[in-house]
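Each remark here refers to the structure printed beneath this line.
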Amino acid sequence: MKILVINAGSSSCKYQLLEMDTHAVLCSGLAERIGQDEGRLTHKIAPDTDKEEKIVRTAHFPTHVQAMELVISLLTDAEKGVIKDKSEIAGIGHRVLHGGEAVSDPVLVDERVKEIVRECSVLGPLHNPANLMGIEVAEKLFPGVPNVGVFDTEFGMGMPKEAFMYALPYELYEDLRIRRYGFHGTSHKYIAGATAKYLGKPLNELRSITMHLGNGSSMSCVKNGKCFDTSMGLTPLEGLIMGTRCGSIDPAIVPFVMEKKGLTSEQMDTLMNKKSGLLGLCGFTDMRDVHAEVEKGNERAALALHMLTRSIKKILGSYYFLLDGNVDALVFTAGIGENDDIVRAEVCAGLEHMGIKIDAKENGTRKPGARTISTPDSTVPVLIIPTNEELQIAMATVEVLGK
């Protein structure tokens, strides 16, 4: 069975075609600059293998439709294609940010589901409209092929009420459904399963802490295989310091800055989501640039690094106590989590009294796949497990189609 996974952004579209009998990635790609004068499509055949072949095309993509039409032509190309006809695709799985409380489990997309996604755009204004557009483009270009929505909030919706509620007037929850939803749920769910498998432990007994660290970052506390707490909230803004997001701040800062700077609510939202975090602190969002600046003596870059790792460590400590100190593993994943040994080392520094001891050599060595970077006498294993959100979406799609 072949499943196409689509993650549509406002001006981009990521995709991956998987053969689910083997979980092999037949091809993957990214269409960028949709709606601009010149778009770019990077298409990889057999990615991350010794047979990988990359095709780059530039063209004008007025809308996502034209970009996906080019993708289809590459998928079915007589010489380089990985399928003969698009009818070979059994289902299309879509990453969708927010479905509120109305829908969070993977679901076959129909008009009701699309309306829910549309209504929840107020909670995910950057993602939901683009996710919905991706679904509608797929419906147009792949008529008759079922579409499945896989929601970023799924894993977080398993939290107990004392974890997801805010201490605001209860009527705000009843009327507006203001609560903590949690995001990066597809990644956190995948990592929970992969961690249990790596440790040889039943998923329903797993107690772990996952650190999904990238340009957008979040953490989850896993108890008995389910989300017990998570760092993101009503939106992906809450929690850790991120590339351009401020993370958790004193809420009183918002009206104070708006008044003093004369900002509208939209401008304030943009400031917190797109102009803050590492970018706001030191002018860089890529941790490789931050580390390079630290080496040059850039004090603001060093401040940004230490603030980032401090924010991770604070949540790590709270989750450790939520699990009563009974933690099966700490898991680093995503772009920074998998590749940044400096951040990992700084997060774990000083935690020896909690039984967390990192092996400097293992931590500093690049290796593929899941691995342990803690010392043999560390009572809490510290792991790196690469995330695979596309595979998780594809597996969820297969499960929905099989029902």
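The values are calculated or read from the model by the stated rules, or taken from the named source; none is laboratory data. On a predicted model such as this, the values are computed, not experimentally measured, just so you know. Backbone-built Cβ (ideal geometry, glycine too); neighbour counts: all protein chains shown. Just so you know, the surface numbers come from the protein's heavy atoms only, side chains and all, with ligands and any DNA or RNA stripped out. Shrake-Rupley method; radii C 1.70, N 1.55, O 1.52, S 1.80 Å.
Quick rundown of the values:
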{"read-out": "Contacts under 6 angstrom Cβ, first residue in the range 153-181 being surrounded by 17 or more Cβ atoms within 10 Å (Cβ to Cβ), partner of a type in the set (Val, Ile, Thr), 6 or more apart", "value": "GLY156/THR230; TYR181/THR153"}
{"read-out": "Residue within the range 19-30 that is farther than 24 Å from THR397 by Cβ and either of a type outside the set (Ser, Thr, Tyr) or open to solvent by 70 Å² or more (accessible area, probe 1.4 Å) (or both) present", "value": "no"}
{"read-out": "Residue check, GLU338 assigned to a helix (DSSP H, G or I), surrounded by fewer than 22 Cβ atoms within 10 Å (Cβ to Cβ) and of a type outside the set (Phe, Trp, Tyr)", "value": "yes"}
{"read-out": "Restricting the range 292-311 to residues that are in a helix (DSSP H, G or I) and charged (D, E, K, R), the residue that is least open to solvent (accessible area, probe 1.4 Å)", "value": "GLU293"}
{"read-out": "Selection count where residues are under 17 Å from GLU154 (Cβ atoms), in a loop (DSSP other than H, G, I, E, B) and either open to solvent by 70 Å² or more (accessible area, probe 1.4 Å) or not aliphatic (A, V, I, L, M) (or both), scope the range 82-101", "value": "4"}
{"read-out": "Sole exception among (1) open to solvent by 60 Å² or more (accessible area, probe 1.4 Å); (2) within 23 Å of the chain's Cα centre (by Cα); (3) of a type outside the set (Ser, Thr, Tyr); (4) under 27 Å from LYS274 (Cα atoms) for ILE116, by number", "value": "(1)"}
{"read-out": "Residue match in the range 134-148 (condition: under 21 Å from the mean Cα position of the chain (by Cα), in a helix (DSSP H, G or I) and under 30 Å from ASP85 (Cβ atoms))", "value": "yes"}
{"read-out": "Residue list for the range 350-403, restricted to those being assigned to a helix (DSSP H, G or I), of a type in the set (A, V, I, L, M) and under 30 Å from PRO106 (Cβ atoms)", "value": "LEU391, ILE393, ALA394, MET395, ALA396, VAL398, VAL400, LEU401"}
{"read-out": "Tally, over the range 32-73, of residues that are farther than 22 Å from SER10 by Cα and either in contact (Cβ under 8 Å) with a residue 40 or more places away in the chain or open to solvent by less than 20 Å² (accessible area, probe 1.4 Å) (or both)", "value": "1"}
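Yes/no per residue for (1) of a type outside the set (A, V, I, L, M, F, W, C); (2) touching a helix residue (DSSP H, G or I) at 6+ places or on another chain (Cβ under 6 Å); (3) open to solvent by less than 30 Å² (accessible area, probe 1.4 Å):
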| site | (1), (2), (3) |
| --- | --- |
| LYS313 | yes, yes, no |
| TYR320 | yes, no, no |
| LEU330 | no, no, yes |
| THR333 | yes, yes, yes |
| ARG371 | yes, no, yes |
| PRO386 | yes, yes, no |
